[in-house]
Amino acid sequence: MRFVKFTLLGLIGITLAFISLGFFHSNFQYENKIEVDASVEKSYATFINDSLASEWLIGYVGNEVLSGAPLTPGSRFLMKFEQDGQTIEMIEELKEIKENEKFIFDMETDFFTGTVEIYFEGNDEKTTITAYSTMTGSNILYRSMFYLLKSGLQKQSQTNYDLLKEVIEKQN
């Protein structure tokens with residue numbers, strides 16, 4: 001009986017500790033950066049080219065316009081990805097865009113919301129692309145889970161940006 005009591009208390013403690021992560025860490029941020037051997041103009045043009053997205057966004061299947069014109073603030077898209085046989089859909093809304101400088105959008109799924117700010121800096125020979133991501137789980141359990149998975153999410157994003165670098169340099 002004593003073993004059951006301590007096991008139950010242990011499980012309750014672990015559960016409360018897990019939930020407290022979501023309570024104290026409502027969102028998290030991470031940064032990704034790549035250096036590209038290409039001009040800012042070429043890097044930006046490759047980044048916004050939908051026909052090349054499947055070459056650098058892992059699992060990208062396509063997108064569907066929900067409202068607005070492409071590449072204009074306020075436009076909304078349904079982005080579709082497939083990973084491990086599962087279809088993942090997210091709604092992206094373009095918040096701010098400035099050619100060859102920045103691309104900022106919000107994204108929303110059933111599990112999280114987030115903002116991604118992507119900046120392009122450089123010259124005719126080299127470009128630095130920096131992405132700042134802020135994510136918030138849709139409820140306290142998802143906030144806890146995503147906080148624990150933060151490094152994995154950052155690593156997957158970095159893999160995508162590394163692939164973008166390859167695509168840009170191949171296009172150059």
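Couple of notes before you dig in:
- In terms of its Cα atoms, the range 117-172 spans 46, 18, 14 Å along the principal axes, sorted from long to short.
- Set of aspartates and glutamates near Lys102 by C-alpha distance (under 19 Å), chain-local residues within fewer than 8 positions excluded: Glu31, Glu35, Asp37, Glu41, Asp50, Glu92, Glu93, Glu117, Glu121, Asp124, Glu125, Asp162
- For Asn123 and Leu8, the FRET efficiency from 1/(1 + (r/R0)^6), where r spans their Cβ atoms and R0 equals 41 Å, is about 0.05.
- 23 Å Cα-Cα threshold exceeded, pairs from Lys98/Lys126; Lys33/Lys98; Lys42/Lys150: Lys42/Lys150
- The charge dipole of the range 27-132, taken about its Cα centre with unit charges on the Cβ of Lys, Arg, Asp and Glu (plus for the first two, minus for the last two), comes to roughly 120 debye.
- Charge tally around Phe105: other residues with Cβ under 9 Å, Lys/Arg +1 each, Asp/Glu -1 each, net -4.
- Surrounding net charge for Glu93, when Lys and Arg each add one and Asp and Glu each subtract one, Cβ distance under 13 Å: -2
- Leu66 contributes an accessible area of around 80 Å² to the protein surface, as traced by a 1.4 Å probe with all chains present.
- The range 28-94: relative contact order in percent, alpha carbon pairs under 8 Å with at least 6 residues between: 20 percent
- Measuring with a 1.4 angstrom probe and ignoring ligands and nucleic acids, Val167 comes out at about 10 Å² accessible.
- With N counted as the residues of the range 45-94, its alpha-carbon radius of gyration over 2.2 N^0.38 Å works out to 1.15.
- Structure-based [θ]222 nm, the chain - -39500 (n - 2.57) summed over DSSP H runs of at least 4, per residue, nearest 500: -12500 deg cm²/dmol
- Cut-off 12 Å between beta-carbons: net charge of the residues surrounding Tyr132, Lys and Arg +1, Asp and Glu -1: 0
- Dimensions (Å) - the chain, Cα atoms, principal axes, largest first: 72, 33, 30
The values are calculated or read from the model by the stated rules, or taken from the named source; none is laboratory data. Keep in mind the model is a prediction, meaning the values are calculated, not measured. Cβ sites come from the backbone with ideal geometry, for glycine too, and all protein chains shown count toward neighbours. When the accessible area is computed, the model is the full protein with side chains, heavy atoms only, and any ligands, DNA or RNA have been set aside. Shrake-Rupley method; radii C 1.70, N 1.55, O 1.52, S 1.80 Å.
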